[in-house]
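Read the figures in this text as sums done on the coordinates, not as results from a lab. Values in this document were obtained by computation on a predicted structure and should not be read as measured data. No Cβ is skipped: glycine too gets one built from the backbone with ideal geometry, and neighbour counts run over all protein chains shown.
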Amino acid sequence: INHSDNISYHEALPVPDSPDEVHDLGSEINQLLKSLNDQVLRDHQFVSDASHELRTPLTAIRGHISLIKRRGEQHPEIIPKSLKFIDDESARMQTLVESLLRLSRMDHVEIDRQLLDINQTVRETVDNYQPNIAQPVQLDLSPDVLMAMVNPDSLQQILIALLNNASKYSPADQPIIMTTKVIDGQPTLAIADNGSGISDDDKQRIFERFYRVDQARSQKIPGTGLGLAIVSRLADLNHAQIAVSDHQPQGTIFTLTLAKQ
Ligand code: ADP
């Protein structure tokens, strides 16, 4: 904070005329301090979570390097396994760092939205992404042309993240269903899978950075816990809403509601 900022802020404060106004001003300042404090705590938590997530693979990598150094010469048969481990873990770190960078860049950007044909973007994205996933993606697109104000790259990133999750967390032989329609005048996209589903408690937390449901961790399904935090941020930047609900008889639906125009 430089000096001139302080002065202009000070000058911007209203001068109270009565004891009541002094009180109001006091509680306003208290609220401001509280929200600043919350922000600092959140940032602190984020840095500490990020460090932890990076330290775990790094420790493992160093462990394997030390193993190769100590025993590699006498027991060369251990080398390929350790190298594969180092390779996998460093790839995981790279994904993590890239996701962190993407998130931090999104703190500052303004995004250009344009009027986009949603069905067309969905069709193209699914066609391009289908080879990466085992499950067949079924399209159930609105017969009407759906136009919405959205940034094309953001929409693609959101769709790919949700398709990727639907694929990771559902059996390979169960289809993923992608729907577009208009609900209450708003263009809406839904991605439904027939997977493990998400408990109501976890539904509250999956959009937090680094949050992963225990099952995802214990079954060693690859992931960083940042995908949905990025989706949520991208949705915000595009004035869109993302929501999660249950798919019947089993699985999860993610619904993206776009801004009309
Ligand atoms: P990750 O990299 O772990 O997949 P995300 O932020 O994309 O991170 O998702 C957070 C967590 O939400 C996942 O770890 C998983 O436990 C849960 N999750 C996300 N999508 C689904 C889904 N379609 N079905 C079941 N669980 C899901």
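Quick notes
- Volume per residue for region 20-70 equals 39 cubic angstrom (convex hull of Cα atoms).
- ³J(HN,Hα) computed for each position of region 56-65 - Karplus, 6.51 cos²θ - 1.76 cosθ + 1.60, integer Hz, glycine/proline x: 4, x, 5, 4, 5, 4, 5, x, 5, 4
- The gain in end-to-end length when the Ile111 to Arg205 segment is fully stretched comes to 31.3 nm, 0.36 nm per residue minus the alpha carbon separation.
- Dividing the mean sequence gap of close Cα pairs (under 8 Å, 6+ apart) by how many residues the chain holds gives a relative contact order of 16 percent.
- Shape of region 212-261, Cα gyration tensor, a/c cut at 1.5: oblate
- Proximal lysines to Lys69, defined as alpha-carbon separation beneath 25 angstrom and excluding residues fewer than eight positions away on the same chain: Lys81, Lys84
- Spatial offset of region 84-119 relative to region 217-261 amounts to 15 Å, using the alpha carbon center of each.
- Overall form of region 71-164 per C-alpha gyration tensor (a/c, 1.5; a/b vs b/c): oblate
- Kirkwood Rh, angstrom, region 127-204 [1 / mean 1/r, Cα pairs]: 13.8
- Cross-link partners of Lys181 among lysines (Cα-Cα below 29 Å; sequence separation of 8 or more within a chain): Lys168, Lys203, Lys260
- Remark: the Ala60-Asp20 segment gains 8.4 nm on full extension, using 0.36 nm per residue and subtracting the alpha carbon distance.
- Per-residue extension of 0.36 nm, minus the Cα-Cα distance of Val40 and Gln94, leaves a gain of 16.8 nm for this segment.
- Overall, the chain carries a charge dipole of about 1540 debye about its Cα centre when +1 sits on the Cβ of Lys and Arg and -1 on the Cβ of Asp and Glu, all other atoms neutral.
- Across region 163-173, coupling constants 3J(HN,Hα) worked out from phi with the 6.51/-1.76/1.60 Karplus curve, θ = phi - 60°, read 5, 4, 5, 3, 6, 5, 9, 9, x, 5, 9 Hz, and Gly and Pro carry x.
- Region 102-117 - phi-based ³J(HN,Hα) in whole Hz, Karplus 6.51/-1.76/1.60, Gly and Pro as x: 4, 4, 6, 5, 6, 5, 10, 7, 9, 10, 7, 9, 9, 6, 10, 7
- Cα gyration tensor shape for region 136-178, rounded if a/c is under 1.5, else prolate or oblate: oblate
- Computed on the Cα atoms alone, the convex hull of the chain gives a volume of 209 cubic angstrom per residue.
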